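Enquirer: Take this structure first; my questions come after.
The values are calculated or read from the model by the stated rules, or taken from the named source; none is laboratory data. None of the values given here were measured: they were computed from a predicted structure. Note that each Cβ is placed from the backbone with ideal geometry, even for glycine, and that neighbours are counted across all protein chains shown.
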Number of protein chains: 2
Amino acid sequence: MDENEKNTEEIILDAAKKVFLRRGFDGARMQEIADEAGINKALLHYYFRSKEKLFDAIFITAFSQFLPHVSETLLSDKPFFEKIQIFVEHYVQMLLENPHLPVFILNELSRNPERVVNFFKLAGVSPEVLGKEIQKNVKAGIIRPIDPRSLVVNLISLCAFPFAGKPLIKAALFDNNEELYQQFLIKRKTEVTIFITNALKPEKTL
Amino acid sequence: MDENEKNTEEIILDAAKKVFLRRGFDGARMQEIADEAGINKALLHYYFRSKEKLFDAIFITAFSQFLPHVSETLLSDKPFFEKIQIFVEHYVQMLLENPHLPVFILNELSRNPERVVNFFKLAGVSPEVLGKEIQKNVKAGIIRPIDPRSLVVNLISLCAFPFAGKPLIKAALFDNNEELYQQFLIKRKTEVTIFITNALKPEKTL
DNA sequence: GTCTATATTGTGATAGAC
DNA sequence: GTCTATCACAATATAGAC
């Protein structure tokens, strides 16, 4: 699929996603989106009545992309720690390809929390099922006792924060070396898995 | 110290901090800051020439507040895991009192990474010293081998992300119940410590 | 120092030709 | 569908009275 074969609407959406992710809703300019798309402002309004509507169109896809599909992965019939490993690998890989996603979503949701309600039904997250799965493994002695919600939060925190805090961490711990930081992020696919695995492995019964 | 005893400059700074933390630089309006301070727009420019300058004035304090003083805590002569506990407790407590701080700092640094360079010298972070301290404990067999930078990143991730991602997590896992989520955040002071401790405790040698 | 006006620029949105 | 030109208003910033 060549870039040129895309219709105008798709070109606009691609451009809008780039600009909104870079600048956020308040910082984005319709002019910059038009430039990025190689068209003029008027056409943006022709396709999407307003800036708000255009934003909504890209936000919904960005949001569902960021929303980790924890359930799917953790509900397969593989061993528990293998599922953790698969999830981390997939999620970090997705973030490597969309590094601006975390801070964008976090920021927009923070400034406008009502959005989350509107878009949540579409994602189909089911914490109850997830909780049962985790507690099953706790009872079987495969993992230490832990609040399922804590585990999910820890999982996402360890994966997503290094992307959201990239400028800070890169400067503080990696001498602002982009390449070094990229390597660090890639290494996290295994590091996070190891860290969580160690945290969850039950005490050896002597 | 009564609110009325503060001079105008301090009143403006307090108001600016509130508004900038709520809305971000792009979303903040000078009018809203003036209203919050109970004065008019012109006076803002009298004290701080421009919006940018006013922002810089509040950013530097917000930034150094968010910057975890990992070094100080971890370099005391207490046992390693006790130091972790103290750090987590202090840091999460500070975030409970400034819940908007993480997403604000993350977002502003992401939109304008150069800032981090300007303000970093003032904070006095020294990763090298920190690295030695951690490696000392690794060699002594007190903790598992781990890249010091990974440990620091994990520590901050687990503490700060639940605040940055509050609207998302609250909706996804806590049915949008504010009180429940507040309890969850408070509980993290101990939960994070336990999680990290378990992850770092060396394998029992049989 | 603090205020009321006002200047000036930026930006989302529309009108209308092609 | 796509463009140029323009409107309408919002927001930063300044002038000048008190």
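Enquirer: Residues A:N137, A:N154, A:N198: which one is more than 10 Å from every other protein chain (Cβ to nearest Cβ) and of a type outside the set (A, V, I, L, M)?
Expert: Values: A:N154 fails: more than 10 Å from every other protein chain (Cβ to nearest Cβ); A:N198 fails: more than 10 Å from every other protein chain (Cβ to nearest Cβ).
Every option except A:N137 fails the conditions.
Enquirer: Hey, among A:D14, A:D35, A:D26, which residue is more than 13 Å from DNA strand D (Cβ to nearest atom), acidic (D, E) and not assigned by TED's automatic domain parsing to the domain that holds A:N118? If you could, list the steps in order and put the result at the bottom.
Expert: Details: A:D35 fails: more than 13 Å from DNA strand D (Cβ to nearest atom); A:D26 fails: more than 13 Å from DNA strand D (Cβ to nearest atom).
It is A:D14.
Enquirer: Checking A:G38 against (1) loosely packed, with under 15 Cβ neighbours inside 10 Å; (2) within 15 Å of DNA strand C (Cβ to nearest atom); (3) of a type outside the set (F, W, Y), which single condition isn't satisfied?
Expert: Of the numbered conditions (1) loosely packed, with under 15 Cβ neighbours inside 10 Å; (2) within 15 Å of DNA strand C (Cβ to nearest atom); (3) of a type outside the set (F, W, Y), the odd one out for A:G38 is (2).
Enquirer: Same structure again: Sort through A:S71, A:S76 and tell me the only one that's more than 16 Å from DNA strand C (Cβ to nearest atom) and surrounded by 15 or more Cβ atoms within 10 Å (Cβ to Cβ). Walk me through how you get there before you give the answer.
Expert: Details: A:S76 fails: surrounded by 15 or more Cβ atoms within 10 Å (Cβ to Cβ).
The unique qualifying residue is A:S71.
Enquirer: In the stretch A:127-144, what residues are without any contact (Cβ under 8 Å) to a residue 12 or more places away in the chain and under 14 Å from A:P202 (Cβ atoms)? Talk me through it step by step, then tell me what you get.
Expert: Of the residues in the stretch A:127-144, the ones without any contact (Cβ under 8 Å) to a residue 12 or more places away in the chain are A:128, A:132, A:136, A:138-140.
Once the filter is applied, which keeps residues that are without any contact (Cβ under 8 Å) to a residue 12 or more places away in the chain and under 14 Å from A:P202 (Cβ atoms), the stretch A:127-144 yields A:V138, A:K139, A:A140.
Enquirer: Does B:S150 count as of a type in the set (S, T, N, Q), closer than 20 Å to A:I146 by Cβ and assigned by TED's automatic domain parsing to the domain that holds B:D77? Walk me through it before giving the result.
Expert: Values: of a type in the set (S, T, N, Q): yes; closer than 20 Å to A:I146 by Cβ: no; assigned by TED's automatic domain parsing to the domain that holds B:D77: yes.
When the stated conditions are applied, B:S150 does not pass them.
Enquirer: So A:E191 ticks every box in (1) in contact (Cβ under 8 Å) with a residue 40 or more places away in the chain; (2) charged (D, E, K, R); (3) within 7 Å of chain B (Cβ to nearest Cβ); (4) within 16 Å of B:S157 (Cβ to Cβ) but one. Which box is left unticked?
Expert: Of everything listed in (1) in contact (Cβ under 8 Å) with a residue 40 or more places away in the chain; (2) charged (D, E, K, R); (3) within 7 Å of chain B (Cβ to nearest Cβ); (4) within 16 Å of B:S157 (Cβ to Cβ), A:E191 misses just condition (1).
Enquirer: Does A:D26 satisfy being among the acidic types (D, E) and either away from DNA strand C (no atom under 16 Å from the Cβ) or within 13 Å of chain B (Cβ to nearest Cβ) (or both)? Please lay out each step first, then the result.
Expert: Numbers: among the acidic types (D, E): yes; either away from DNA strand C (no atom under 16 Å from the Cβ) or within 13 Å of chain B (Cβ to nearest Cβ) (or both): yes.
So A:D26 fits the description; yes.
Enquirer: Would you tally the residues in the stretch B:46-61 being loosely packed, with under 14 Cβ neighbours inside 10 Å and either within 14 Å of DNA strand C (Cβ to nearest atom) or at positive phi (or both)?
Expert: Initial filter on the stretch B:46-61 (loosely packed, with under 14 Cβ neighbours inside 10 Å): B:46, B:49-50, B:52-53, B:61.
Now drop any that are not either within 14 Å of DNA strand C (Cβ to nearest atom) or at positive phi (or both), which leaves B:46, B:49-50, B:52.
Here the count works out to 4.
Enquirer: Hey, could you check the stretch A:3-25 for residues that are free of Cβ contacts under 8 Å to residues at least 24 places away in the same chain and among the acidic types (D, E) and say which is farthest from A:F163 (Cα to Cα)?
Expert: A:E5
Enquirer: For the stretch A:59-118, which residues satisfy the criterion of being of a type in the set (V, I, T), touching a Phe, Trp or Tyr at 6+ places or on another chain (Cβ under 9 Å) and within 30 Å of A:P202 (Cβ to Cβ)? Steps first, answer last, please.
Expert: Filtering the stretch A:59-118 down to residues of a type in the set (V, I, T) leaves A:60-61, A:70, A:73, A:84, A:86, A:88, A:92, A:103, A:105, A:116-117.
Narrowing further to those that are touching a Phe, Trp or Tyr at 6+ places or on another chain (Cβ under 9 Å): A:60, A:70, A:73, A:92, A:103, A:105, A:116.
Matches in the stretch A:59-118: A:V70, A:T73, A:V92.
Enquirer: Can you tell me which residue within the stretch B:123-145, out of those that are of a type outside the set (G, A, S) and out of contact with any helix residue (DSSP H, G or I) (no Cβ under 7 Å at 6 or more places or on another chain), is modelled with the lowest pLDDT?
Expert: Taking the stretch B:123-145 first, the residues of a type outside the set (G, A, S) are B:125, B:127-130, B:132-139, B:142-145.
In the following step, the residues that additionally are out of contact with any helix residue (DSSP H, G or I) (no Cβ under 7 Å at 6 or more places or on another chain) were identified as B:128, B:132, B:136, B:138-139.
Numbers: B:E128: 75, B:K132: 85, B:K136: 90, B:V138: 91, B:K139: 91.
In this case the residue turns out to be B:E128.
Enquirer: Against the definition (more than 7 Å from chain B (Cβ to nearest Cβ) and not in a helix (DSSP H, G or I)), how does A:I143 come out, yes or no?
Expert: Judged against the criteria, A:I143 is a match.
Enquirer: Sort through B:F87, B:F81, B:F119, B:F55 and tell me the only one that's of a type in the set (A, V, I, L, M, F, W, C), more than 24 Å from A:S157 (Cβ to Cβ), assigned to a helix (DSSP H, G or I) and more than 12 Å from every other protein chain (Cβ to nearest Cβ).
Expert: Details: B:F87 fails: more than 24 Å from A:S157 (Cβ to Cβ); B:F81 fails: more than 24 Å from A:S157 (Cβ to Cβ); B:F119 fails: more than 12 Å from every other protein chain (Cβ to nearest Cβ).
None of the others qualify; the one that does is B:F55.
Enquirer: Just to check your reading of the model, which residue among A:L95, A:L109, A:L101 is within 14 Å of another protein chain (Cβ to nearest Cβ) and either closer than 30 Å to A:I143 by Cα or within 16 Å of DNA strand C (Cβ to nearest atom) (or both)? Outline the logic, then answer.
Expert: On the way: A:L109 fails: either closer than 30 Å to A:I143 by Cα or within 16 Å of DNA strand C (Cβ to nearest atom) (or both); A:L101 fails: either closer than 30 Å to A:I143 by Cα or within 16 Å of DNA strand C (Cβ to nearest atom) (or both).
Answer to the selection: A:L95.
Enquirer: Here's something else I'd like to know. Looking at A:L44, is it within 24 Å of A:L101 (Cβ to Cβ) and not assigned by TED's automatic domain parsing to the domain that holds A:N112? Walk me through how you get there before you give the answer.
Expert: Values: within 24 Å of A:L101 (Cβ to Cβ): yes; not assigned by TED's automatic domain parsing to the domain that holds A:N112: yes.
Spelling it out, A:L44 is indeed within 24 Å of A:L101 (Cβ to Cβ) and not assigned by TED's automatic domain parsing to the domain that holds A:N112.
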